[in-house]
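See below for the structure under consideration.
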Amino acid sequence: MKTILALMAGAALALGATAATAQTLKTVKDRGELVCGVSKGLPGFSAQDASGKWTGFDVDVCKALAAAIFDDANKVKYVPLTADERFPALTKGDIDVLSRNSTWTLEREAKLGLLFTAINYYDGQGFLVRDARKVTSALELDKSKVCVQAGTTAESNTKDYFAANGMTLELVTLPTSGELVKAYDEGKCDTLTTDVSQLYALRLTMAKPGDHIVLPDVISKEPLGPVVRQGDDQWFNLVKWTVYAMINAEELGVATNTLDAAIKSQKPEVKRLVGNEGNYGEELGVTKDFVVRIVKAVGNYGESFERNVGAASKLGIPRGINQLWSMGGIQYAPPVR
């Protein structure tokens, strides 16, 4: 009996703790703005323009979430964070959500008490070198000086890759991506490694981007996506379904230029997506038309990808495996039903 009572008491405490921490959405609504953690400046993903306006693929997640909550994508306070700063800022409650090229790993969830909500970008680690070196494969990088950012999965991945292939290296570890580029430009290292998407972005910041190449080798799995604290299922679901809403919208052909037609559509799956059937948005704590708000603010997943990092952007990253599953990629979202 004592054991049963103890278990019941423990369950009650756990439920109480969950209820006590399930307040993020209310806090955001009461505050009147979303506080979103982003990178300190990564072209195509999160960066400020000359007027101070934040743009990018990761920034669009923040804007989409604000649009779902407030019907106003501008109600966001952006907090730029280094790789070392990002997770402590989230766990301490300095930000509501982290949308900053962060890799989903077991340790980050189990040890840090975080939850990755969805994968909005399938990436992998690669290498950037000067074209003049005439290197065509990462297997030719023996005895290289490799610049890597501290506090990232790239450190251990690089060591593992070189060791597994019988190569030696000198690892140059630096705190920020800006310092990586500076060290590389100054010749303190001859190779730069991080996620392939980030290599394309960092290359744009160099004096002569065309003098540098991203090697074809991809040495790791780097599933990237927005992150929240554990203990608030409502907030976790809302952030997750904000990403899924954008993916489903692309799959169903709901875009900024087809939104009016989508709202009038009689197709069951489209009616559910735009809020004309069911109360799915309300179950998440927002309005029925939350997907309409999102698409109106930032477009669907494909629009955001192409505008920020894809063919229509300066980065020109091929869509690749981030193409929809129905188009030969692996990007996939659960259905709204």
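Considering region 298-328 alone, what residues qualify as being over 18 Å from Gln198 (Cα atoms) and surrounded by fewer than 20 Cβ atoms within 10 Å (Cβ to Cβ)?
Gln323, Leu324, Trp325, Ser326, Met327, Gly328
Could you grab me the full set of residues in region 101-147 that are crowded, with 21+ Cβ neighbours inside 10 Å and more than 30 Å from Tyr301 (Cα to Cα)?
Of everything in region 101-147, those that are crowded, with 21+ Cβ neighbours inside 10 Å and more than 30 Å from Tyr301 (Cα to Cα) turn out to be Val129, Ala138, Leu141, Ser144, Val146, Cys147.
Could you grab the pairs with beta carbons closer than 6 Å, sequence gap of 6+ or different chains, first residue in region 62-88 and at positive phi, second one open to solvent by 20 Å² or more (accessible area, probe 1.4 Å)?
Qualifying pairs under 6 Å: Asp71/Arg293.
Filter region 38-53 for residues that are open to solvent by 30 Å² or more (accessible area, probe 1.4 Å) and without any contact (Cβ under 8 Å) to a residue 40 or more places away in the chain; which is nearest to Val298 (Cα to Cα)?
Checking each candidate, the answer is Lys53.
Give the residue that is nearest to Ser177 (Cα to Cα), with candidates limited to residues of region 82-93 that are touching a strand residue (DSSP E or B) at 6+ places or on another chain (Cβ under 7 Å) and not polar (S, T, N, Q).
Ala83
Quick one: what pairs do we get from region 259-275, first residue in contact (Cβ under 8 Å) with a residue 60 or more places away in the chain, second small (Gly, Ala, Ser), C-beta under 6 Å, 6+ apart or different chains?
From residues that are in contact (Cβ under 8 Å) with a residue 60 or more places away in the chain, the pairs are Arg272/Gly278.
Report the residue count in region 148-185 for those that are out of contact with any helix residue (DSSP H, G or I) (no Cβ under 7 Å at 6 or more places or on another chain), open to solvent by less than 60 Å² (accessible area, probe 1.4 Å) and in a loop (DSSP other than H, G, I, E, B).
Of the residues in region 148-185, 3 are out of contact with any helix residue (DSSP H, G or I) (no Cβ under 7 Å at 6 or more places or on another chain), open to solvent by less than 60 Å² (accessible area, probe 1.4 Å) and in a loop (DSSP other than H, G, I, E, B).
With a cut-off of at least 1 residues that are farther than 30 Å from Glu282 by Cβ, name the strands (runs of 3 or more DSSP E) lying wholly within region 200-248.
Filter on region 200-248 gives 212-214, 222-224.
What pairs come up if the first residue lies in region 139-168 and is on the phi > 0 side of the Ramachandran plot, the second is surrounded by fewer than 20 Cβ atoms within 10 Å (Cβ to Cβ) and part of a helix (DSSP H, G or I), and their beta carbons are under 7 Å apart, counting only those six or more places apart or on different chains?
So the pair list comes out as Gly151/Asp84.
Taking interchain pairs and intrachain pairs at least six residues apart, which have beta carbon atoms under 8 angstrom, with the first residue in region 230-248 and in contact (Cβ under 8 Å) with a residue 24 or more places away in the chain and the second of a type in the set (Asp, Glu) and open to solvent by 30 Å² or more (accessible area, probe 1.4 Å)?
Matching pairs, first to second residue: Gln230/Glu109.
Identify the residue in region 204-229 that is among the basic types (Lys, Arg) and surrounded by fewer than 21 Cβ atoms within 10 Å (Cβ to Cβ) and, among all such residues, is farthest from Leu106 (Cα to Cα).
Step by step, filter region 204-229, then rank; the result is Lys208.
Would you point out which residue out of Ile294, Ile321, Ile263 is more than 30 Å from Leu204 (Cα to Cα) and among the aliphatic types (A, V, I, L, M)?
On the way: Ile294 fails: more than 30 Å from Leu204 (Cα to Cα); Ile321 fails: more than 30 Å from Leu204 (Cα to Cα).
On inspection, the qualifying residue turns out to be Ile263.
How many residues, within region 272-289, are under 16 Å from Pro335 (Cβ atoms) and assigned to a helix (DSSP H, G or I)?
Matching residues across region 272-289 total 7.
The values are calculated or read from the model by the stated rules, or taken from the named source; none is laboratory data. Quick caveat: nothing in here was measured; it's all calculated off a predicted structure. Neighbour counts are summed over all protein chains in view; Cβ atoms, including those assigned to glycine, are modelled from backbone coordinates with ideal geometry. Just the protein is used for accessible areas: all its heavy atoms, side chains included, with ligands, DNA and RNA removed. Shrake-Rupley method; radii C 1.70, N 1.55, O 1.52, S 1.80 Å.
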